[in-house]
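The values are calculated or read from the model by the stated rules, or taken from the named source; none is laboratory data. For clarity, every value in this text was computed on a predicted model and none was experimentally measured. Glycine gets a Cβ as well: all are built from the backbone with ideal geometry, and neighbour counts include every protein chain shown. These area figures cover heavy atoms from the full protein model, side chains too; ligands, DNA and RNA do not enter into them. Shrake-Rupley method; radii C 1.70, N 1.55, O 1.52, S 1.80 Å.
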Amino acid sequence: MRDIEKMDHDHQLNGETPDESPLGVRKMHTFEHIGSMASVSQSYGSMRTRSRLLMSIYIVLFKAKINLLLPFGPLAMILHYLTQKQGWVFFFSLVGITPLAERLGYATEQLAFYTGPTVGGLLNATFGNATEMIISIYALKNGMIRVVQQSLLGSILSNMLLVLGCAFFCGGIVYSKKDQIFNKAAAVVNSGLLLMAVMGLTFPAVLHFTHSEVQYGKSEVSLSRFSSCIMLVAYAGYLFFQLKTRHNMYSLIEEEERQSDDVPDEVDVPEITLWESIAWLAVLTSWVSILSGYLVDAIQGASEAMNMPVAFISVILLPIVGNAAEHASAIMFAMKDKLDISLGVAIGSSTQISMFLIPFCVVIGWMMGERMDLNFQLFETATLFITVLVVAFMLQDGTANYFKGLMLILCYLIVAASFFVHVDPAVNDD
């Protein structure tokens, strides 16, 4: 006890308190060091987050050359409020949506790295058609039913003829010494679904033009709504079939090709994280929604200003913009000899529009009180029927080359010319 008191007395003589002893000072320095490390770690974490955010913005908004077209969107909005030139508003909106559609496809591809190839392909088709879905909903709200019908029809025609044709052509040029092969079984399933969609669209049109309805003007709408519900059930069954029952069937040929390749494929890695992909999908979809409103409002004025039929604008111009992501992806995969993915993008997107998006719009129109039906008029229905037959014939042998691609592109040019000289008879028939 005396020794302890003596030690305290010695510390006090040396001007030290017990806490200021070498041991106490060492403890204080240790705590200060830990605190400084925590603050440095916090500042480093915030700097890393800021750096990651800037990198993500650069990758999504500045890296791709097509993003040079992004300023056209705000310009369209400014022109809408400052001038009455609907032709320029429509043109600028159309150009401004193009890079957004492509970036939506990019963000979906990045998300596919984390979800797997099968779910990724489904997400690619879904968000690839987000532009068409948003434009359709805005047009439905404005009562522009024919614009909805024709733009969705145009998306199917564009995917099946232009997108698939360009993929076959470009892939065939790169691999001109051989026929590229793809999974014929998957193509047959999609062709069957497309023919079912044609059947769903044919009967209301035939009912209307043969004047054989029980209640004129009502039976075709009732039939359309019933058929739409059936088509949605069929599409749900197709998703279950694709994702669960026959999951391996859709990747079989791709695995065989990889095993037979002498040169190993380049390993692709994601450029942005999972949550960044989801956040960018939300941001880009919102921006597309805003621009779609200006685009739809300017369609009629643009038709008059440019002396161009509304049918041509709806069937040809709008889908080319909406399919920008699919177009780029399908060509890129075909040039890498991954034709199964190209086919999944082009034909899978057409299947989703015909078996999901069109029936979905009928149901949404039903809820809105709009008379949206599956009577796409005789000219449009016949065009779709012939297109499905041509594409099904091209896919039946499971091979592709540049000549098949050229034929599909030329078929699309014939369809485009047909709609340029086509007058919509909907007003006269009603």
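Would you mind telling me which numbered condition in (1) in contact (Cβ under 8 Å) with a residue 24 or more places away in the chain; (2) closer than 19 Å to Asn142 by Cβ Trp287 fails?
Unmet condition: (2).
Within segment 245-291, how many residues are assigned to a helix (DSSP H, G or I) and at pLDDT below 70?
Matching residues across segment 245-291 total 13.
Within segment 370-377, can one find any residue that is surrounded by 19 or more Cβ atoms within 10 Å (Cβ to Cβ) and assigned to a helix (DSSP H, G or I)?
Scanning segment 370-377, I find at least one residue that is surrounded by 19 or more Cβ atoms within 10 Å (Cβ to Cβ) and assigned to a helix (DSSP H, G or I), so the answer is yes.
Counting only residues that are farther than 21 Å from Ile156 by Cβ and free of Cβ contacts under 8 Å to residues at least 60 places away in the same chain, which one in segment 218-240 is least open to solvent (accessible area, probe 1.4 Å)?
Applying the filter and picking the extreme gives Ser219.
Would it be correct to say that Leu61 is of a type in the set (A, V, I, L, M, F, W, C), part of a helix (DSSP H, G or I) and at pLDDT 85 or above?
Judged against the criteria, Leu61 is not a match.
Any residue at all in segment 388-402 that's under 14 Å from Gly154 (Cα atoms) and either in contact with a helix residue (DSSP H, G or I) (Cβ under 6 Å, 6 or more places away or on another chain) or surrounded by 13 or more Cβ atoms within 10 Å (Cβ to Cβ) (or both)?
Looking through segment 388-402, at least one residue is under 14 Å from Gly154 (Cα atoms) and either in contact with a helix residue (DSSP H, G or I) (Cβ under 6 Å, 6 or more places away or on another chain) or surrounded by 13 or more Cβ atoms within 10 Å (Cβ to Cβ) (or both).
How about segment 79-94: which of its residues are assigned to a helix (DSSP H, G or I) and open to solvent by 30 Å² or more (accessible area, probe 1.4 Å)?
Of everything in segment 79-94, those that are assigned to a helix (DSSP H, G or I) and open to solvent by 30 Å² or more (accessible area, probe 1.4 Å) turn out to be Leu79, His80, Tyr81, Leu82, Gln86, Trp88, Phe91, Phe92.
Select from segment 65-76 the residues that are under 17 Å from Val283 (Cα atoms) and either exposed (fewer than 15 other Cβ atoms within 10 Å of the Cβ) or hydroxyl-bearing (Ser, Thr, Tyr) (or both) and list them in ascending order.
Listed by number, the residues that qualify are Pro71, Pro74.
Would you pick out the residues in segment 292-329 that are part of a loop (DSSP other than H, G, I, E, B), at pLDDT 85 or above and open to solvent by less than 20 Å² (accessible area, probe 1.4 Å)?
Ala298 - this is the single residue of segment 292-329 that is part of a loop (DSSP other than H, G, I, E, B), at pLDDT 85 or above and open to solvent by less than 20 Å² (accessible area, probe 1.4 Å).
Restricting attention to segment 378-403, which residues are of a type in the set (Gly, Ala, Ser), in a helix (DSSP H, G or I) and within 29 Å of Asp179 (Cβ to Cβ)?
Of everything in segment 378-403, just one residue is of a type in the set (Gly, Ala, Ser), in a helix (DSSP H, G or I) and within 29 Å of Asp179 (Cβ to Cβ), namely Ala392.
Only one of (1) polar (S, T, N, Q); (2) modelled with pLDDT under 85; (3) open to solvent by 20 Å² or more (accessible area, probe 1.4 Å) fails for Asn183. Which number is that?
Unmet condition: (3).
Under 7 Å between Cβ atoms, at least 6 apart or on separate chains: pull out the pairs that start in segment 89-113 with a residue that is closer than 15 Å to Ile66 by Cβ and of a type in the set (D, E, K, R) and end on any residue that is part of a helix (DSSP H, G or I) and modelled with pLDDT under 85.
Glu102/Ile66; Glu102/Ala324; Glu102/Ala325; Glu102/Ala328; Arg103/Val60; Glu109/Asn124
Among the residues of segment 354-384, which ones are of a type in the set (Val, Ile, Thr) and over 19 Å from Ala205 (Cα atoms)?
Matches in segment 354-384: Ile364 only.
Would you mention how many residues in segment 330-351 are within 15 Å of the chain's Cα centre (by Cα) and open to solvent by less than 10 Å² (accessible area, probe 1.4 Å)?
Result for segment 330-351: 7.
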